[in-house]
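All remarks here apply to the structure that follows.
The values are calculated or read from the model by the stated rules, or taken from the named source; none is laboratory data. No experiment lies behind these values; they were computed from the predicted model shown. Cβ placement follows ideal geometry from the backbone for every residue including glycine, while neighbour counts extend to all protein chains displayed.
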Amino acid sequence: MSPAGAGSPGGTGVVAGASGLRRVEFIMGTAISLQLADALPAATVERLAEQTFAWLREVDERFSTYKVDSEVNRLDRGELTAERGSPDLRKVLDACADLWRATDGYFDAHATGRLDPSGYVKGWAVQVASDRLMAAGATNHWINAGGDVRLRGGPAPGMPWRIGIAHPWEKDKVAWVLAGTDLAIATSGTYERGFHVVDPHTGEAVSALCSVTVVGPDLGTADAYATAVVAMGTPGLDWLARLATRTGYESAVITEDGRAFSSAGLPVAS
Amino acid sequence: MRRGIATIIGTAVGTVLLIGAKYGTQTLDAANASAGAPAQQAVAGAGSTPTAAAGATKQSKATAKPAAPNPPASGLKDGTFTGAGGQEAYGTITVSVTVQNGRISKATGSCAGCQGLSVSITGGALPTLQQETLAKQSASIATVSGATQTSEGYRASLQSALDAAKA
């Protein structure tokens, strides 16, 4: 992993106009791609894109474990209490605690021995960014932060966005194509080189589930669930099945030995 | 096969086990039973017709007979487990479940002293994910969801190619 937020914003490929805008910046140690598809004035689209990335950079400054003076690091060092932290910090900490309980401890913001809510923060930040775009009238867009996607509307009136779920071993292929107009899609897995997942209860490396995708309304939650299920290993398949029944968060899984599983309500493109 | 009546020996699945008798329906809900303990509790809850309600809430100890040395992560040990029996107004209902590979494969009920009554067990199947063929598609898509990419990993990714194509 490179340090989160390394380097200055590296916007590439700005296309504004009636067809919308596509922009990529490197924030939180990953690439964040934005597509705005509304036929809004170019200046409006440009402003919305800038506000979106400004928010994501702000979150990185405040929540990154790599930034010495981030709120998260000050809290971890005891220089700040949760009570005196920002409302956003408290919201994130509360969400992490809820997700720890909801996942039987498999989502653990203290898994590394220190406070590190990154597993929730990225998805949460993108969810907030998407909500703000909706409120500002940009109702057709998607944001993809390192493979975690929040989408609204579609590329054209009446058309849903089509989103691929990466194939673990075929870099230019996808294992599923999903379609929707209001989805959060998060994928966690072990197939990225050098990425290891440890069962927080045993401390042992787990690798049975190669790719876990969770689809639902909230991206921070979906991301945390996907991360937790990778750590659960094979029993995570049943956990996901119950999750779909209880909450409507759908799922798609690829095992280490190449088997594929999906929940009945997964929004697969027709 | 009626797998999925997991609650009686206490996964926290919360599936409700119904025992239907001729003159009423008794609901056994053992969602609060603890998992993995040698002796587990089955709690007979409310939700009955007047006839069956006479025996309402009671607890009985279940005895675990054989147990696998390494219980699977579901928390269920393989083997057959029989509840001690719950005394009802019309007799004593005993429930047995068989666990194979960590899943309940069979559940049966019997009623001692229940003259002219039959006992049947119904339970919703545990939800499972459907296995399918792993596809390898080159479809038209707007964006890709994948395991976390570093900035470096992004440059070699399908997402990067898609972004470049739109730029």
In the stretch B:106-128, is there at least one residue being within 30 Å of A:Glu170 (Cβ to Cβ) and either touching a Lys or Arg at 6+ places or on another chain (Cβ under 7 Å) or modelled with pLDDT of 85 or more (or both)?
yes
Enumeration of residues in the stretch B:134-146 that are modelled with pLDDT of 90 or more and among the small types (Gly, Ala, Ser)
B:Ala135, B:Ser138, B:Ser140, B:Ala142, B:Ser145, B:Gly146
If you go through the stretch A:150-173, how many residues are in a loop (DSSP other than H, G, I, E, B) and hydrophobic (A, V, I, L, M, F, W, C)?
3
Looking only at the stretch A:101-128, count how many residues are aromatic (Phe, Trp, Tyr) and part of a loop (DSSP other than H, G, I, E, B).
2
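Give me the residue from the stretch A:161-179 that is more than 7 Å from chain B (Cβ to nearest Cβ) and crowded, with 20+ Cβ neighbours inside 10 Å and, out of that set, farthest from B:Ala156 (Cα to Cα). Break it down into steps so the answer makes sense when it comes.
Within the stretch A:161-179, the first condition is being more than 7 Å from chain B (Cβ to nearest Cβ), and the residues that meet it are A:168-169, A:178-179.
From what's left, crowded, with 20+ Cβ neighbours inside 10 Å: A:168, A:178.
Details: A:Pro168: 14, A:Leu178: 22 Å.
If we take residues in the stretch A:161-179 being more than 7 Å from chain B (Cβ to nearest Cβ) and crowded, with 20+ Cβ neighbours inside 10 Å, then A:Leu178 is farthest from B:Ala156 (Cα to Cα).
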Residue satisfying condition, being surrounded by 15 or more Cβ atoms within 10 Å (Cβ to Cβ) and more than 7 Å from chain A (Cβ to nearest Cβ), within set B:Leu134, B:Leu162:
B:Leu162
Failed item, numbered, when A:Ala231 is tested on (1) touching an Asp or Glu at 6+ places or on another chain (Cβ under 6 Å); (2) more than 11 Å from every other protein chain (Cβ to nearest Cβ); (3) surrounded by fewer than 19 Cβ atoms within 10 Å (Cβ to Cβ)
(3)
Whether any residue in the stretch A:129-143 is outside any helix (DSSP H, G or I), within 14 Å of the chain's Cα centre (by Cα) and within 12 Å of chain B (Cβ to nearest Cβ) is what I want to check.
yes
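Taking the stated definitions as given, is A:Val215 closer than 28 Å to A:Asp131 by Cβ, within 9 Å of chain B (Cβ to nearest Cβ) and part of a helix (DSSP H, G or I)? If you could, list the steps in order and put the result at the bottom.
On the way: closer than 28 Å to A:Asp131 by Cβ: yes; within 9 Å of chain B (Cβ to nearest Cβ): yes; part of a helix (DSSP H, G or I): no.
Judged against the criteria, A:Val215 is not a match.
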If we keep only residues of the stretch A:234-270 that are part of a helix (DSSP H, G or I), at the interface with chain B (Cβ under 8 Å from one of its Cβ atoms) and small (Gly, Ala, Ser), then the residue surrounded by the most Cβ atoms within 10 Å (Cβ to Cβ) is A:Ala244
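Go through the stretch A:144-160 and count every residue that is touching a residue at least 24 places away in the same chain (Cβ under 8 Å), more than 10 Å from chain B (Cβ to nearest Cβ) and farther than 17 Å from A:Ala226 by Cα. Step through it out loud before you land on a result.
Within the stretch A:144-160, the subset touching a residue at least 24 places away in the same chain (Cβ under 8 Å) is A:144-156, A:160.
Add one more test, that the residue is more than 10 Å from chain B (Cβ to nearest Cβ), and what stays is A:150, A:152-153, A:156.
If we keep only those that are farther than 17 Å from A:Ala226 by Cα too, we end up with A:152-153, A:156.
Residues that pass the stated criteria total 3.
Condition first: of a type in the set (Ser, Thr, Tyr) and within 7 Å of chain B (Cβ to nearest Cβ). Now tell me which residues in the stretch A:180-204 satisfy that. Talk me through it step by step, then tell me what you get.
Step one: of the stretch A:180-204, the residues of a type in the set (Ser, Thr, Tyr) are A:181, A:187-188, A:190-191, A:202.
Within the stretch A:180-204, A:Thr187, A:Ser188, A:Tyr191 qualify.
Select from the stretch A:43-100 the residues that are of a type in the set (Phe, Trp, Tyr), over 17 Å from A:Gly220 (Cα atoms) and in a helix (DSSP H, G or I) and list them in ascending order. Give the steps one after another, and end with the answer.
Keep residues of the stretch A:43-100 that are of a type in the set (Phe, Trp, Tyr), which gives A:53, A:55, A:63, A:66, A:100.
Checking which are over 17 Å from A:Gly220 (Cα atoms) leaves us with A:53, A:66.
Within the stretch A:43-100, A:Phe53 is the sole residue that qualifies.
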